[in-house]
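Peer 1: Following this message is one structure expressed as structure tokens.
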Amino acid sequence: MNLFRIFLFSVLLFLAACGSDAVSQDETVIFRDEFNPGETGNWLVEGDDVGQTAVINQQFVIAINQPNTMQYTTLQEPVVDNFILEVDAQQLAGNPESSFGILARMRGADQFYRFEITSSGLYMVERHNADGSWSQYLDDWTESAAIKQGLNSVNRLKVEANGSSLSFYVNDTLLHEAFDNGVGLETNIGLDAGTFGQAGLQVAFDNVVIRELPSSTNE
């Protein structure tokens with residue numbers, strides 16, 4: 001029995017290593033971050049009494065202490081063109097109607113696409129314009145059974161940006177597709193969270209992977 005357990009444990013370790021090697025040897029991967037000490041990417045880390053961003057316990061945590069506030073972090077490099085971005089996201093504290101997600105094709109603080117979910121099972125896709133206005137691609141926040149609800153539930157978010165085509169997924173389920181040239185290519189990506197009527201929000205992100213896509217003819 002002991003020999004069997006040792007053998008089984010060895011097999012599991014081998015399979016886990018193979019899975020990790022498969023990702024690390026994927027030539028399309030241009031960035032990955034598990035927020036290990038000394039290995040964290042070039043994220044914008046800042047904070048004040050209203051909101052903070054920080055790497056805590058090998059996760060990137062966004063905390064907001066004020067209602068109706070958006071706090072985000074930007075990955076300073078690499079600058080990406082056509083890409084697939086995936087990240088694990090979970091709400092640790094706060095109102096379940098608060099939101100969190102991905103900022104794609106960021107051109108500074110004024111122009112970007114925002115893919116948000118809530119731990120109550122809703123999602124939204126919108127664009128922030130240079131003049132400060134918002135363009136929503138959905139009539140309202142939309143419910144999806146693909147979103148795992150509740151505090152501490154981990155959802156895998158994914159954005160695929162290929163030319164003017166943007167696809168938004170949660171847990172491998174396609175939620176929305178948009179076709180838009182409103183921001184352009186060669187931009188940054190970011191992670192964000194936002195409060196509505198209540199403060200005390202904490203959201204953790206982990207296991208970021210960015211894969212490069214070939215240049216699109218649909219630009």
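Taken together, the values in this text are just the output of simple stated rules run on the coordinates, not laboratory data. These figures come from a predicted structure and were not determined experimentally. Quick reminder, even Gly has a Cβ in these numbers, built from the backbone with ideal geometry, and neighbours come from all protein chains shown.
Peer 1: Is it possible to state the helix-based mean residue ellipticity at 222 nm for the chain, with each DSSP H run of 4+ residues giving -39500 (n - 2.57), the sum divided by total residues, to the nearest 500 deg cm²/dmol? What is it?
Peer 2: One gets -3500 deg cm²/dmol as the mean residue ellipticity at 222 nm.
Peer 1: Using the scaling law 2.2 N^0.38 Å as the reference, what is the normalised Cα Rg of the chain?
Peer 2: Ratio of Cα Rg to 2.2 N^0.38 Å: 1.07.
Peer 1: Still on this structure, please answer the following. Using alpha carbons only, how many degrees (0 to 90, rounded to 10) separate the axis of helix 2-24 from the longest principal axis of the chain?
Peer 2: Approximately 40 degrees, to the nearest 10.
Peer 1: Can I ask one more? If neighbour count is taken as other Cβ atoms inside 10 Å, put Tyr113, Tyr169, Tyr72 in order from fewest to most.
Peer 2: The fewest-first ordering by Cβ neighbours comes to Tyr169, Tyr72, Tyr113.
Peer 1: Quote the relative contact order of the chain in percent (integer), defining contacts as alpha-carbon pairs under 8 Å separated by 6+ residues.
Peer 2: In percent, rounded to a whole number, it is 30.
Peer 1: Please work out the C-alpha center-to-center distance from the stretch 45-63 to the stretch 142-195 and express it in whole Å.
Peer 2: With the stretch 45-63 and the stretch 142-195 each reduced to a Cα centre, they are spaced 21 Å.
Peer 1: What does the charge dipole of the stretch 127-216 about its Cα centre add up to, to the nearest 20 debye, if the Cβ of each Lys and Arg holds +1 and the Cβ of each Asp and Glu holds -1?
Peer 2: In debye, rounded to 20, the stretch 127-216 gives about 280.
Peer 1: What is the order of Thr73, Thr40, fewest Cβ neighbours within 10 Å to most?
Peer 2: Going from least to most buried by this count: Thr40, Thr73.
Peer 1: Here is a further query. Order these peptides, 133-141, 197-205, by their mean beta-carbon neighbour count within 10 angstrom, highest first.
Peer 2: 197-205, 133-141
Peer 1: Now for a different question. How big is the dipole moment of the chain about its Cα centre under a simple scheme where the beta carbon of each Lys and Arg is +1, that of each Asp and Glu is -1, and everything else is neutral? Debye, nearest 20, please.
Peer 2: 580
Peer 1: List the GluC sites (Glu not before Pro) within the stretch 137-217 that DSSP assigns to loop and that have no more than 10 neighbouring Cβ atoms inside 10 Å.
Peer 2: Answer by residue number: Glu186.
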